[in-house]
1. For a quick check of your reading of the model, give me the residue pairs whose first member lies in the range 89-108 and is surrounded by 11 or more Cβ atoms within 10 Å (Cβ to Cβ), whose second is part of a loop (DSSP other than H, G, I, E, B) and at pLDDT 90 or above, with beta-carbon atoms closer than 8 Å and at least 6 apart or on different chains.
2. Kindly indicate the residue of the range 138-165 that is more than 20 Å from residue 118 (Cα to Cα) and within 28 Å of the chain's Cα centre (by Cα) and also surrounded by the most Cβ atoms within 10 Å (Cβ to Cβ) among those meeting that condition.
3. Residue by residue through the range 119-128, note down the ones that are surrounded by 10 or more Cβ atoms within 10 Å (Cβ to Cβ) and over 22 Å from residue 109 (Cβ atoms).
């Protein structure tokens, strides 16, 4: 189907998609087009229920939710391309939810591991003192790294010993 080649070409030229991304999208779209052929329907003629059937088939094959989501993303982009080119009049993926997998819970460090980590910086150097202070702050507060990165000097009250975040 020449629309796939056009879509992948547009991804490469307009968005700078990498070779690996293009290869993955080609595989994903080839799989989707195989599904369309089995149903004897052009992609532009599919309904949302058909796409849900394809997603269900991916799940039955044992694909992880993240893999199903990536494949659906490729198909969504392809439908946007078909709409822009006037090949399709509607996007059957438009109102479909993206499959989400549960994220694994973070593992807590043992007390010994946490102490080793906090004590690792070389405090004979200014950068080591800074690093140790950051590690102690993270360990003592349970603050996320992104929250720590967002701190400003005015968020610290060194005299009173607290942080406002």
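1. Filtered contacts from the range 89-108: 92/46; 92/47; 101/64.
2. Among them, the one singled out is 165.
3. Going residue by residue through the range 119-128, those that are surrounded by 10 or more Cβ atoms within 10 Å (Cβ to Cβ) are 119-123, 125, 127-128.
Passing the criteria: 125, 127.
Matching residues to (1) in contact (Cβ under 8 Å) with a residue 12 or more places away in the chain; (2) touching a strand residue (DSSP E or B) at 6+ places or on another chain (Cβ under 8 Å); (3) farther than 18 Å from residue 91 by Cα; (4) not in a helix (DSSP H, G or I):
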| site | (1), (2), (3), (4) |
| --- | --- |
| 4 | yes, no, no, no |
| 7 | yes, no, no, no |
| 12 | no, no, yes, no |
| 21 | no, no, yes, no |
| 24 | yes, no, yes, no |
| 28 | yes, no, no, no |
| 33 | yes, no, no, no |
| 51 | yes, no, no, no |
| 57 | yes, no, yes, no |
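The values are calculated or read from the model by the stated rules, or taken from the named source; none is laboratory data. It should be emphasised that the depicted structure is a prediction, and the values quoted were computed from it without experimental measurement. When we count neighbours, we look across all protein chains shown, and the Cβ atoms used for this are built from the backbone with ideal geometry, even at glycine.
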